[in-house]
Amino acid sequence: MKYFIQNLPKAELHLHIEGTLEPELMFRLAKKNSIKIPYKSVENVKKAYEFDSLQSFLDIYYAGASVLKTKEDFYDLTMAYLLKCKEQNILHVEIFFDPQTHTNRGIAFGTVIEGVVGALNNAQERFGITSFLIMSFLRHLSEEEAIKTLMESLPYKHFIKGVGLDSSELGNPPSKFQKVFQMAQNAGFKCVAHAGEEGDSSYIKEALDLLHVSRIDHGVRCEEDKQLMQRLKDDQIPLTMCPLSNLKLKVVDDLKNYNLKRLLDFGLLVTANSDDPAYFGGYLNENYEAIAKSLNLSKDDIRTLAINSFKASFLDKEVKDKYIEKICQYQM
Ligand code: ADE
Ligand code: ZN
C-alpha cells in the first residue's frame, strides 16, 4: 500500500505554508534573524508539539512563524515544502498563507507573497508542479482587519486564487465575516472556509449559506446534521479533511473512529490533506498511509481520494480531466 500511495498522482488542497516550518529551518532562521524562540534544541521543539486542542497548537504555530522575516525566508519555507511534493508525487497544490500573522508584526504583504510566489514559479518550471495560493483571514481578529488585508492584497490579486478563513474556530463563526467574503467574491476570488473542525455543524451551514464557499476545510462534524449531509452530497461540495491534524488536535480520539471512510461511502466528495505537516507528524503520503491502515481502506478507496483531490481543486476542467485520467490508468 505504501508504494501504491507513494506513486499515485495526488493534489493537496489543505496546506498552510506556515505549518510546513520544520524545527531545523525554524532554528536556522531564528539564528539568522536574531529572533528568540523558547526552545534549546530541535529535539526540544519536537517535544513541545503535544497538543490538546486547536488553540494549544495555534499558540505554538504563531510563535514559530515569528522567525520568518525576509522574502528569502518565505522562499526557503515554500521551496522546502515543494521539494516534499516532488518526493511524494504531489502534482498540484493549493496553499494557504496567513498574511495577518506577518503584517501584524511589521512584515510587508509584498515580502510574504513575493517569497512564496518565487518558489511556486520555480517549482512549476523545475518540477512541473502546478499551484494556487489561498489567502486566509484570521478569524480570531475582527472583520475590519480582514477587510484591510483584502485591500492590501489587491495589488497582488493576480497571484491569489481565493480567500479562506482559519485560526480559532469556537466563538468566531462564519457569520462574523459575511461582508469581507462578499467583497472577496465580488473581486473574483474563490471562497473556502475552515468549518466543523472544533465548531459544530452550524459553522458548516453558515459557511455555505453566508460566505458562499465552494469548499469546506475539515467539515468533520457534518454528520450531526442529516439535512446538511444530503446537501453536501447532492451539491458535491468538497471537504478537505486532514486526518493526522484531527488526531493530533484531538478532534478525533483514534483514527479507527475517524469518519472519513463513512463520509466517502455516503457519497461525499472527501479529500485527504496534511494541514500543518511539520507540526502533526506527516506530509500527504503519511496521511494517506495512516487512514489506509486505521480505516482499512482499499486501493480503490485510495484511488478515489486521489481522484477527488483533483475534482475538488480549482484547476480548469480540461486539466482536471487529464490528471484524473492519469490516476485511472495508474496500476500497481
Ligand atoms: N491554521 C493552521 N492550521 C489550522 C487549523 N487546523 N485550523 C484552523 N486554523 C489553522
Ligand atoms: Zn487548516
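Quick look at the values:
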quantity: Members of segment 19-68 that are more than 18 Å from the chain's Cα centre (by Cα) and of a type in the set (A, V, I, L, M); calculated: Leu25, Met26, Leu29, Ala30, Ile35, Ile37, Val42, Val45, Ala48, Ala63, Val67, Leu68
quantity: Only listed residue being out of contact with any Pro (no Cβ under 7 Å at 6 or more places or on another chain), acidic (Asp, Glu), surrounded by 15 or more Cβ atoms within 10 Å (Cβ to Cβ) and at pLDDT 95 or above, chosen from Glu114, Glu125, Glu144; calculated: Glu114
quantity: Search result, residues across segment 309-330 that are within 26 Å of Ser214 (Cβ to Cβ) and either free of Cβ contacts under 8 Å to residues at least 60 places away in the same chain or among the acidic types (Asp, Glu) (or both); calculated: Asp316, Lys317, Glu318, Lys320, Asp321, Lys322, Ile324, Glu325, Cys328
quantity: Unique match (being surrounded by 19 or more Cβ atoms within 10 Å (Cβ to Cβ) and either of a type outside the set (Ser, Thr, Tyr) or touching a His at 6+ places or on another chain (Cβ under 8 Å) (or both)) among Glu18, Glu43, Glu87; calculated: Glu18
quantity: Selection status of Val93, touching a Pro at 6+ places or on another chain (Cβ under 8 Å), under 23 Å from Leu165 (Cβ atoms), hydrophobic (A, V, I, L, M, F, W, C) and modelled with pLDDT of 95 or more; calculated: no
quantity: Restricting segment 16-51 to residues that are of a type in the set (S, T, N, Q) and either more than 21 Å from Gln100 (Cα to Cα) or not in a loop (DSSP other than H, G, I, E, B) (or both), the residue that is farthest from ligand 1 (Cβ to nearest atom); calculated: Ser34
quantity: Test result for Thr78, away from ligand 2 (no atom under 16 Å from the Cβ), of a type in the set (Ser, Thr, Tyr) and crowded, with 22+ Cβ neighbours inside 10 Å; calculated: yes
quantity: Residues satisfying the stated conditions in segment 207-221, i.e. more than 16 Å from ligand 1 (Cβ to nearest atom) and either within 15 Å of the chain's Cα centre (by Cα) or on the phi < 0 side of the Ramachandran plot (or both); calculated: Leu208, Asp209, Leu210, Ser214
quantity: From Ala306, Ala292, residue being within 16 Å of the chain's Cα centre (by Cα), assigned to a helix (DSSP H, G or I) and either over 22 Å from Glu197 (Cα atoms) or in contact (Cβ under 8 Å) with a residue 60 or more places away in the chain (or both); calculated: Ala306
quantity: Residue within segment 170-179 that is under 18 Å from Asn308 (Cβ atoms) and in contact with a strand residue (DSSP E or B) (Cβ under 8 Å, 6 or more places away or on another chain) present; calculated: no
quantity: Positions within segment 223-257 being more than 16 Å from ligand 2 (Cβ to nearest atom) and in contact (Cβ under 8 Å) with a residue 24 or more places away in the chain, in sequence order; calculated: Glu223, Glu224, Asp225, Leu228, Met229, Leu232, Lys233, Gln236, Ile237, Asp254, Leu255, Lys256
quantity: Segment 134-169: number of residues that are hydrophobic (A, V, I, L, M, F, W, C) and more than 16 Å from ligand 1 (Cβ to nearest atom); calculated: 6
quantity: Residues satisfying the stated conditions in segment 16-66, i.e. within 16 Å of ligand 2 (Cβ to nearest atom) and charged (D, E, K, R); calculated: Glu18, Asp59
quantity: Among (1) within 20 Å of the chain's Cα centre (by Cα); (2) more than 29 Å from Leu25 (Cβ to Cβ); (3) among the small types (Gly, Ala, Ser), the one test that Ser298 misses; calculated: (1)
quantity: For Ser53: the one exception among (1) in contact with a Lys or Arg (Cβ under 8 Å, 6 or more places away or on another chain); (2) more than 22 Å from Lys248 (Cα to Cα); calculated: (2)
quantity: Condition met for Val163 (of a type outside the set (Lys, Arg), in contact with an Asp or Glu (Cβ under 9 Å, 6 or more places away or on another chain) and crowded, with 16+ Cβ neighbours inside 10 Å); calculated: no
quantity: Those residues of segment 122-166 which are of a type in the set (Ser, Thr, Tyr), over 15 Å from the mean Cα position of the chain (by Cα) and not in a helix (DSSP H, G or I), in sequence order; calculated: Thr130, Ser142
quantity: Number of the exception - Lys226 against (1) charged (D, E, K, R); (2) in contact with a helix residue (DSSP H, G or I) (Cβ under 9 Å, 6 or more places away or on another chain); (3) more than 11 Å from ligand 1 (Cβ to nearest atom); calculated: (2)
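The values are calculated or read from the model by the stated rules, or taken from the named source; none is laboratory data. These numbers were taken from a predicted model, which means no experiment stands behind them. Reconstructed Cβ throughout: ideal geometry from the backbone, glycine too, with neighbour counts over all protein chains shown.
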